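**Student:** Here you go, one structure.
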Amino acid sequence: MSAATPPFWQAKTLEEMTREEWESLCDGCGRCCLHKLRFDDDKGGPGELGHTNVACRLLDLEACRCTRYQTRHRYVPDCVTLTPAEVRAIDWLPPSCGYRLLAEGKPLQWWHPLVSGTPDTVHEAGISVRGRTVGERDAGPLDHHLVDWPGKMPRPRKPAKVPPAKVGPGGQQP
């Protein structure tokens, strides 16, 4: 990719992306894999959304990736398959989600693997659910695990600075 050629996520609409490009928009944070509760409003309609820190049983709590992504619907029939239309319609994707950001015309964040070049930055920046969740089999009642952080734009930690390489006289490594 030359300096004049923007990356695909800046050059294409969500609808124009290949399946591989589409899948790469997931930053691996795991926030969308946390259980959510929808509270009825006083008129019986859909009301406020409640986020929990309870992860789907298929989520690897360390890697923050689905352990059975290709066959997940066999185990979790109501797992959502995101499409451009779904991304624009649902209200529970985290504000840091790459799909949501692009659908809203916003840029991907520096921690996104497509921007940083590594899947580790989403964890290093504190964006992922790593270390902040409980598995659904251990959780008990979901309403005992209500939290607000999955639905808020996180304040990322700064990436670790890599010290410059030490170069000796004549460009040799000391």
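The values are calculated or read from the model by the stated rules, or taken from the named source; none is laboratory data. In this text the structure is predicted, and so the values were computed from the model without any measurement. When we count neighbours, we look across all protein chains shown, and the Cβ atoms used for this are built from the backbone with ideal geometry, even at glycine.
**Student:** Considering every residue within segment 98-111, establish whether at least one is among the aromatic types (F, W, Y), over 17 Å from W22 (Cα atoms) and more than 11 Å from the chain's Cα centre (by Cα). Quick ask: steps written out before the conclusion?
**Tutor:** Keep residues of segment 98-111 that are among the aromatic types (F, W, Y), which gives 99, 110-111.
Checking the rest, the ones that are also over 17 Å from W22 (Cα atoms) come to 110-111.
With more than 11 Å from the chain's Cα centre (by Cα) added as a condition, the list becomes 110.
Within segment 98-111 (the criterion being among the aromatic types (F, W, Y), over 17 Å from W22 (Cα atoms) and more than 11 Å from the chain's Cα centre (by Cα)), the answer is yes, since at least one residue qualifies.
Okay, residues lined up against (1) assigned to a loop (DSSP other than H, G, I, E, B); (2) closer than 27 Å to P141 by Cβ; (3) of a type in the set (D, E, K, R); (4) at pLDDT 95 or above:
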| site | (1), (2), (3), (4) |
| --- | --- |
| N53 | no, yes, no, yes |
| E62 | yes, yes, yes, yes |
| R72 | no, yes, yes, yes |
| V87 | no, no, no, yes |
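**Student:** Restricting attention to segment 105-122, does a residue exist that is in contact with an Asp or Glu (Cβ under 6 Å, 6 or more places away or on another chain) and assigned to a loop (DSSP other than H, G, I, E, B)?
**Tutor:** Checked against the condition, which is being in contact with an Asp or Glu (Cβ under 6 Å, 6 or more places away or on another chain) and assigned to a loop (DSSP other than H, G, I, E, B), segment 105-122 yields at least one hit.
**Student:** Given (1) modelled with pLDDT under 95; (2) farther than 28 Å from L49 by Cα; (3) aliphatic (A, V, I, L, M), where does A125 come up short, assuming only one miss?
**Tutor:** Of everything listed in (1) modelled with pLDDT under 95; (2) farther than 28 Å from L49 by Cα; (3) aliphatic (A, V, I, L, M), A125 misses just condition (2).
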